[in-house]
Amino acid sequence: MNADFSIVSTAILLFFVIDPFGAVPVILTILKDVEMQRKKIVIIREMLFGLGILMLFLFGGELFLNIFHLETESVRIAGAVIFFVIGIKMIFPGEEGSSGLYGTSKEPFMVPIAMPLIAGPSTLATLLVLSKSNSDSIGKLFIALLLAWFISALIMYLSPMLYKLLREKGLSALERLMGMLLLMMSVQMFIDGIRGLIHTF
């Protein structure tokens, strides 16, 4: 359906929605009582669990949306609204910040790193939208997901070093920049959805 599907731009979109820089302080808080070598193993394990959940929604997303008889353009517009809200929250995170959303744990299993930090509601909703809007490009979408996941996994794996380098203010600035770019992409997606609806009349 979508001849102009871009693996790179889709990977960037997914990367923004996963928001690994926003997850760095959370991961460090959750794993603060875990020794460094074990910490690396836990992060890798949780990232693989998260990838499994994301793949489940990617390949089962179109079936889920077809059950509810959702049209491609309506899904695209709904996705634009979702991305807009995510972008706003990234720019204006609120008083508690992103790290205030999760409690601490000695060693997490599945929750909260694999889900919802990696495979959160926003990312899963994004995959549902993308799988419906690009039903003939699932292979390319899978590559885009792997690319976004790999970069996010690398950032989270290197979270202790990144935190020492950028500190909380630097990570916050990066998250706000990603939010601003996501807002612009959401507006373009909304315009594309409206344009597609007009052409159907």
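Nothing in this text is a laboratory measurement; each read-out follows from the coordinates by a stated rule. The shown structure was predicted, so the numbers you read here are calculated from the model rather than taken from an experiment. Positions of Cβ are generated from backbone atoms using ideal geometry, with glycine treated the same way; all protein chains shown enter the neighbour counts.
A compact table of results
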{"quantity": "Cα convex hull of the range 1-79, projected area averaged across orientations, nm²", "calculated": "7.1 nm²"}
{"quantity": "Relative contact order (percent, whole number), the chain, Cα cutoff 8 Å, 6+ residue spacing", "calculated": "48 percent"}
{"quantity": "Estimated Rh, the range 148-198: Kirkwood, alpha-carbon pairs, angstrom", "calculated": "13.1 Å"}
{"quantity": "Those GluC sites (Glu not before Pro) in the range 30-80 that DSSP places in a loop and that have at most 16 other beta carbons within 10 Å", "calculated": "35, 71"}
{"quantity": "Candidate lysines - alpha carbon under 18 Å from residue 169, same-chain residues fewer than 8 apart omitted", "calculated": "89"}
{"quantity": "The chain: angle of helix 72-91 to the longest principal axis, Cα-based, in degrees nearest 10", "calculated": "30 degrees"}
{"quantity": "P(r) histogram, all alpha-carbon pairs of the range 107-160 included - 10 Å bins from 0, percent", "calculated": "22, 47, 26, 5, 0"}
{"quantity": "Within the chain, longest stretch free of exposed trypsin sites (Lys or Arg not before Pro) [DSSP loop, at most 13 other beta carbons within 10 Å]", "calculated": "107-201"}
{"quantity": "Table column - 3J(HN,Hα) (Hz), the range 163-179, Karplus curve with 6.51, -1.76, 1.60, x for Gly and Pro", "calculated": "5, 5, 6, 9, 6, 5, 5, x, 5, 5, 5, 5, 5, 5, 5, 4, x"}
{"quantity": "Cα-based radius of gyration of the chain once divided by 2.2 N^0.38 Å, which approximates compact folds", "calculated": "1.04"}
